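Report on one structure; see the data block that follows.
The values are calculated or read from the model by the stated rules, or taken from the named source; none is laboratory data. Every value quoted in this text rests on a predicted model; they were computed, and no experiment measured them. Neighbour counts run over all protein chains shown; Cβ positions are idealised from the backbone, glycine included.
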Amino acid sequence: MERRNFIKSMAIAGATTTTLASCASTPEKKEDNKSDLASGIILHAVYFWLKPGLSDADKADFLNFFEVLKTIPDCRYVTYGTPAPSNPRPVVENSFDYNLIVTVDSMDQLNIYEDHPIHQNAIAEYSKYWDKVMVHDTIIG
């Protein structure tokens, strides 16, 4: 009986040690993870307020704008979304309809992105859907 309890407690101790070690270890960096926000990365955040009264088809077409932007070369990461249902507080501004996040490695790349023909053509094609756009660029420290 004592041997059985000893084996059981050793198995539990081993499993606990393995679990704790895996929780404490730092995850390996994936080489293809281009969304890492390392120091010096530029985060380009763009907020869109759509025109009132757009049809569902218009709103669906507007989303193609973001898909087109994903094709611009040298962007580390491109994603978009809608406001989160944050608790209402005086400091929360979530009146926008969509938010675009683009990360690039440098200000030079951000300038290339902004002037890129794909970007300029997409603005020309899809700007009919928005009333207001606000851009916030951040250098990750």
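Within the stretch 64-90, the set of residues being surrounded by 13 or more Cβ atoms within 10 Å (Cβ to Cβ) and among the hydrophobic types (A, V, I, L, M, F, W, C) comprises PHE65, PHE66, VAL68, LEU69, ILE72, CYS75, VAL78.
Scanning the stretch 74-90 for residues that are under 21 Å from TRP130 (Cβ atoms) and either part of a strand (DSSP E or B) or of a type in the set (S, T, N, Q) (or both) yields a total of 5.
Taking the listed residues ALA11, ALA21, ALA60, ALA45, the one that is exposed (fewer than 13 other Cβ atoms within 10 Å of the Cβ), at pLDDT 80 or above and aliphatic (A, V, I, L, M) is ALA60, with no other qualifying. Summed over the stretch 91-141, residues that are surrounded by fewer than 16 Cβ atoms within 10 Å (Cβ to Cβ), in a strand (DSSP E or B) and in contact with a Pro (Cβ under 9 Å, 6 or more places away or on another chain) total 1. Going by the conditions given, is PHE66 under 14 Å from TYR113 (Cα atoms) and part of a helix (DSSP H, G or I)? For PHE66, the condition - under 14 Å from TYR113 (Cα atoms) and part of a helix (DSSP H, G or I) - is met.
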